[in-house]
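One structure below.
Here, each number is a calculation from the coordinates, and none is a lab measurement. Keep in mind the model is a prediction, meaning the values are calculated, not measured.
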Amino acid sequence: MSLIIFLVVGLIAGAVASYILGRQQDLLINLLIGIIGAVVGGLLAGLLGLGAYNVIGEIIIATIGAIICILVWQRIR
């Protein structure tokens, strides 16, 4: 996946995760959450034997990872 597509997927995933959890955040924070969520979601999907074969699947996996990251961050803080 190219860097630009990875950043766009991360931005969308971060924004969707923030919207689902009812958080209002800046664009940069959503991007960071989405990128971290994409990595976490990709690792978890790989462990479960799942894969994303198109951009929609990548966004879904990244969003799930971003939601997990936000929930863990809220528990730590």
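If you find the alpha carbon centre of region 1-44 and of region 51-72, how far apart are they in angstrom?
Between the Cα centre of region 1-44 and that of region 51-72, the gap is 8 Å.
Using the Karplus curve 6.51 cos²θ - 1.76 cosθ + 1.60 with θ = phi - 60°, what ³J(HN,Hα) values do you get for each residue of region 25-37, in whole Hz, with x for Gly and Pro?
9, 6, 4, 5, 5, 4, 5, 5, 4, x, 5, 5, x
Calculate the radius of gyration of the Cα atoms of region 6-77 to one decimal place, then report Dmax, the largest Cα-Cα distance, as a whole number, both in Å.
11.2, 35
How far is helix 55-76 tilted off the main Cα axis of the chain, in degrees rounded to 10, range 0 to 90?
With both axes taken from Cα atoms, the answer is about 40 degrees.
What residue among 21, 43, 32 shows peak mean-square fluctuation when the chain is described by a Gaussian network model with Cα springs under 10 Å?
21
In degrees from 0 to 90, rounded to the nearest 10, what is the angle of the helix 3-20 Cα long axis to the longest principal axis of the chain?
50 degrees
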